[in-house]
1. Going by a ≥ b ≥ c, the root eigenvalues of the Cα gyration tensor, does segment 71-127 fall in the rounded group (a/c under 1.5), the prolate group (a/b larger than b/c) or the oblate group?
2. Of L73, W122, A59, whose Cα points farthest to the positive end of the dipole of segment 38-127 (charges on the beta-carbon: +1 Lys, Arg; -1 Asp, Glu; origin at the Cα centre)?
3. Quick one: Karplus J couplings for segment 50-63, per residue in order, coefficients 6.51, -1.76, 1.60, θ = phi - 60°, nearest Hz, x for Gly and Pro?
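No lab work stands behind these numbers, since they all come straight from the coordinates. Computed from a predicted model, the values in this text were never measured in an experiment. Methodologically, a virtual Cβ is constructed for each residue, glycine included, from the backbone with ideal geometry; neighbour enumeration extends over all protein chains shown.
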Amino acid sequence: MTGVWNLGEAMKDPNHKTKRMAHGLMMLGADAGFVATGLMASLALMALTGLLMTASDTATFLVSRLYWTKLCLVALLLGNGTGLLAAERAARRGGEAGWSWLALVSGVSFVLWLVVLFFGVWLTAAA
């Protein structure tokens, strides 16, 4: 939130506009880092609850195609989380490519989370 606020303020003031824009972008990067850390913790919690759900009814879940599809999607999310952290570091170093990569990986993360949520609900209903 602070990064967006700083960017908005930087655009209003013509004095030292480049420095203010750089500061706003760095604050936005710091906000993204905070989000990425939270996402990784959420992913760990999701893995733990998934293991507990599997242990509760192995006969149902281990033969389910939905279950294995969701597991593959979670593995993709883990890889995406690693990519998100790497993209964040690249964006902090500066350069347009780092920010473009961060935007792309963030978009993929958003879609993957929605798809995993959908498969989780579908799996619960099908069980």
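1. Prolate, since a/c reaches 1.5 and a/b exceeds b/c.
2. L73
3. x, 5, 5, 5, 4, 5, 6, 8, 5, 4, 7, 7, 5, 9
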